[in-house]
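Below: the structure, in structure tokens.
What follows draws every value from the coordinates through simple rules; no lab data is involved. Everything numeric in this text was worked out from a predicted model, so none of it was measured. We place every Cβ from the backbone using ideal geometry, glycine too, and count neighbours over all the protein chains shown.
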Amino acid sequence: MTKQVTLTIDGKQVTVPDGMLVVDAAKEAGIDIPVFCYHPKMEPVGMCRMCLVEIGRPVMDRTTGKPILDDKGEPKLQFLPKLETACTNPVSEGMVVYTQSEKAEAGQKSTIEFLLTSHPLDCPICDKGGECPLQNLTMAYGPGKSRFLFDEKMHLAKMVPLGELIYLDQERCIQCARCIRFQDEVAGDAVLGFDERGRSTQIVSLSDPGFDSVFSGNTTDICPVGALTTADFRFGARPWELSSSASICSQCPVGCNITFNTRREAMSDGKIVIKRVMPRQNEEVNEIWMCDKGRFAYHYAESEKRLSKPLIRKDGKLSRASWDAATQAAGEAIAKAKKDLVVLASGRLSNEDLFNLKSFADQVEGKAVLYTHMGGGDLVSLVGVGQGTNFGAMGAGTTIVVVASDLYEEAPVWYLRVKQAVQRGAALIVANPRETKLDRYASFVIRYSYGDEVRTVHDLTKKGKVGDAFAKAENAVILFGSDGLGLDGSTALATACARALNDTEHAGKPNNGLIGVWQRANDQGAWEIGFRPEENLVGALKGKTVYVVGADPAGDDPALVRALHGTEFVIAQDLFETETAKLADVVLPAQAYTEREGTFTSGERRVQRFYPAVPALDGTRPDFAITSQVARQASVILEGTSASVVFDILAEDIKSFAGLNYAKLAEVKPQRPIVGRGDLYYGGTTYENKFGLGVQLSSAADRSEKFTLPRVQKVEELRPKEKKLLAVPVTKLYDRGVTVESAKLLNQRIGEAFVALHPSAAEQLGVEAGERVKLSLDGVSEDVVVKIDETISTGVVLVPRSMGLPISAPAEASLKAAKKVSVRA
Amino acid sequence: MLMTHILLRHRDIPDINKLNVYKSNGGFEAFKKVVTKMKPGEVTDAVKASGLRGRGGAGFPTGVKWSFIDNKIWPHYVVANADESEPGTFKDREIMESNPFQFLEGVAIASYAVGANAAYVYLRGEFWQVAKFLDEKIAEMGEAGVLGENLFGTDYSLHIYTHLGAGAYICGEETAMLESIEGKRGTPRIRPPFPAVYGLYGKPTVVNNVETLTNLPMILANGADWYKNMGTPDSAGVKVFSLSGRVRKPGNYELPFGTTFRQLIYEHGGGVQEGRPVKAIMPAGASSSFIAADEKVLDTQMDYAAVRTLGADLGSASVIVIDDTVSMDWVINKTIHFFKHESCGKCTPCREGTYWMMHLIEDIRDGGHSTDNVDLLLNVAKQMQNKCLCPLGEFSTMAVVTGIERFAQDFTK
């Protein structure tokens, strides 16, 4: 344990770990020392000079090493003639700190006065007004009146786009460098810097495109003034008009804790709408950060295209129907189908929705199929990760393996957590067929060929430098993804990973096990509840009655359109009139997760609650309730009124959820650093977590259950053949998924559908980066843009998922240049 | 007056900037002696015993500074501070241009003393010609076998590199200089940790001024006692005084510590132009306090302790002489503009305070010297004091505070 030291701050005795900074020690004692540049998540720089305090240190006798005592028997203290910064000085035994002495207060007052000499004081029109550290600290510590002539203030640009997402107001900036340091130290994307010097110092973006980082929004949370604002919220509302609702981000399996800020407003026809998304502290999940996709891709629920009325196909056309008629039609079709029912649902749905769907399928002896391109979630339930696993606690002694995943693009906050764990001493092994951003933090980078995933993981258990780093580590976690893999490939990979972990005794204890980098927020939950993907989905649908929920197979793949045409009956339940809905017999309009409550199970198997943020769109119902109503028509009784009751039933039924309920999920405990209270100058505008930190599920290994891991199934090896190209699917953060597509801001970062080639392949084809080629894949031809990636092999081309190109697994492809030079006929 | 120069030896020995001339005058003998016959610690002890103090301005004992270097962390670096940006200071330039080998030999001796195998000479951007010249001299030393691998048949190796800044005053501050060498913005670091523990590239580093280093070959060649016998008990040895302002013969004068202001100004500098009286002295360039001159002041011996009794610091001994034709509001207008221009912007009081002071002095000079503005200027300057991250902010207030306090009449027109 770290040595503890005792010091006195403003007469209050405080005992804190040695090495803690005075500013943080004061915080522990409930004493606020004002700061601007200091942030508890970053290295101190001592540049704003706001935290000036008097620090006295006991004078030590050099011979005895003991403090020298004064006449009264008290240790003699030595104070420097200068005030000192509380943010750069670590505590020491016997230290005495005065934060509110006349001298200290004069120092703090002078810093505020200096800062305000170049601040426009445009609080009435500033987005930060009302939650602004400068505003608050001016009221608390400032001189009240400025002696600086207002006419002599510098006038600077007030709307400088650092990128299309973040705007800089140069007049408001106080040069604290929090944003620059965040990008540098926390995000690892050092894309901001200072230009010029002295009073002309300005924040600039150093990247092209501007502010090229998926974490850019966080800088607006920690900006202590209104200098950085998001293009999304800028002039959108005043902070005090906003209500807040705790939620969970649904964009990826990380499960970042967030807060939806909402307002009822005239410009939205008197409706209550979401105005912005803010991170909510959960130190074990997302700390106080979130990525830009989570922050900006929430507009889809407000889309005009939302379904609000059930539809029934009549005379070949979908037409509006009542809920009773629609659920009856759906229920009757399922009652007729019985074991011929296929429920096809995705991890977009909550645990409660999926549980009702699974129960329904079970009771009519139908099948519950998970709509995904990635396998292995059942193995995660067996070997973990399980209870007690916490990225924040990983450091020296832990080895993290990331295989077949580009975490920066697929689960950005996990990228941050892995990076930090490495900085705390964890060993990182990145195994990927191409270069990813995480490589630079890796102790070992393994570059394998697409198709060699299983062999690569198998080698981790062999003797050698890399093998030892994995096998002999005290703790080991593997994050596996589906870069270049379809369902069978990723299943084989997951199996190999689970076996490697189990064989090296890295299962059944905290910070050990497997984490799936899924495509959707609740894929892991679906696996826990018993959903399983179908290798031959086209075959599985043939002649069946299909109940598609939260998925759009027809929109993703022409082969699935044909498959759906060959079914008996299709029920589509969604927010939108998807391609699947367009060919359904019954369409049921569901609520967005922002309109209701429920739970998601994150990739690290943490069950977390989300709460209603906005009123539900008229005419829609929550998925679990719709399923209950349809089931009733098929004479199956399911809970359909309360999500929490569905969850109680789920917890009784599914072993890993045993003992959980909504109250447990809502429990919180104190977190460090302290953020989100009145003292937002300290941690930023991040929200304090008052609505639940979530609970991690136990794994079979945690419960000491006996289990046998399956053997690794041999996968048909698709290799690039001579004069043929192998197209492999990769995941991009900003894709054409429905959530990003309807976010106008992020839309600009999506770009066009592309194909990435090795430079020599491009040369052979006679194309250059940025030119267009015709990509033929799975019988479909599309014009796409050429990108160059030097790190892949010549016979492989990368094709992004969810960009309008049908690619769920590696497939042969051909490319044709505009000049009609063909590599493969 | 000295018979011969110790630092400005080119004034006595023509062509000492040529390698063969330097060598034939005992050049590199001291370096060879320390590398082949002395342990690094002995070199440090000799420098400690000589009483040599840093010539960059702070006057910190050089040998003591070396002894702080952390021997648990390696490698070590030596950085020669050749930024010389203080207005009124022009001594290092003359040394480097005219007596380059003695300076470079000093760098080499310091490097050996602290166990550095690489040393950097950091020059302000405007010194690009000097840098080019030094590069030639460094190459010549390499060819002559006094720089490079396995020097004088020992296992000691040393390489010296020049590094050009981009012309920022702040880069004379040692931690900002280290940042600049590392390719970053030249802004000061928080101290502690000091460069002796966490310096260049995070490794223990000694930063010494050009003039300080140029003393070393002579000290090692002639012994600590020889050096100590010059100057005063407080400040041993000789100093190059950069004399400027309203004197007849401005220039560099190498004199022992303890020389009086009167001797410097009248005997060496030829007295004040037009025979006018000395009104004020800035002993350390633009960052000085003003000393109000009188007979007693003129007879004060220039060493670190004695100048402090006059309410100023000797600093880099860049003596600017001001006569009675000059008004102090004019002078501080110059210094404030300089510091406002050079403030790096990292810390609030300096960034905002210099800008505010600039507005106030302009208002004062334009608008008839209102007492309110003068009081406010004095108040703002004092409000900056003791609050800045590095000395630059502090420096910017020295002339302002002492100008207003010691020459009140110049602000009440």
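Annotations for the structure displayed:
- When you restrict to C-alpha pairs under 8 Å that are six or more residues apart and normalise by the size of the stretch A:666-796, the relative contact order lands at 19 percent.
- Where only DSSP H runs of four or more residues are counted, chain B gives -12500 deg cm²/dmol as its mean residue ellipticity at 222 nm, each run worth -39500 (n - 2.57).
- The stretch A:234-254 and the stretch B:62-103: distance between their alpha carbon centers, rounded to Å: 56
- Across peptide A:186-198, the average count of Cβ atoms from other chains found within 10 Å of a residue's Cβ is 3.
- GNM remark for chain B: springs join alpha carbons under 10 Å apart, and the peak mean-square fluctuation among B:GLU42, B:GLU295, B:GLU394 falls on B:GLU295.
- GNM flexibility winner over chain B from B:MET357, B:MET38, B:MET328 (Cα, springs under 10 Å): B:MET38
- Gyration tensor verdict on chain B (Cα atoms; rounded if a/c is under 1.5, prolate if a/b is larger than b/c, oblate otherwise): prolate
- Mean partner shielding of peptide B:385-395, defined as the number of other chain Cβ atoms within 10 Å of each residue Cβ, is 3.
- Inter-part distance, the stretch A:735-764 to the stretch B:188-246, computed on C-alpha centroids, equals 60 Å.
- Amide H to amide H, with H built 1.01 Å from N, A:VAL342 comes under 5 Å of A:LYS367, A:THR545, A:VAL546, A:TYR547, counting only residues 5 or more places away or on other chains.
- Length-normalised contact order of the stretch A:127-201 in % [C-alpha pairs under 8 Å, at least 6 apart]: 14
- Peptide packing for B:65-74, A:501-510, A:269-278 was compared via the average number of neighbouring C-beta atoms within 10 Å per residue; ordered from the highest value, the list is A:501-510, A:269-278, B:65-74.
- Entry for the stretch A:725-817 at q = 0.16 Å⁻¹: log10 I(q)/I(0) = -0.61, Debye formula applied to identical alpha-carbon scatterers, no solvent contribution.
- Nearest-ten-degree value, helix B:210-222 long axis tilted from longest Cα axis of chain B: 40
- For the stretch A:319-342 versus the stretch A:1-46, the spacing of their alpha-carbon centroids is 63 Å.
- Peptide A:572-580 shows a mean partner chain C-beta count of 0 within 10 Å per residue C-beta.
- Estimated 222 nm signal from helices in chain A, with DSSP H stretches of n ≥ 4 weighted -39500 (n - 2.57), rounded to 500: -6500 deg cm²/dmol
- In summary, no helical segment of chain A meets the span-like criteria, namely a full DSSP H run, a Cα extent along the axis of 20 angstrom or more and a mean Kyte-Doolittle hydropathy of at least 1.0.
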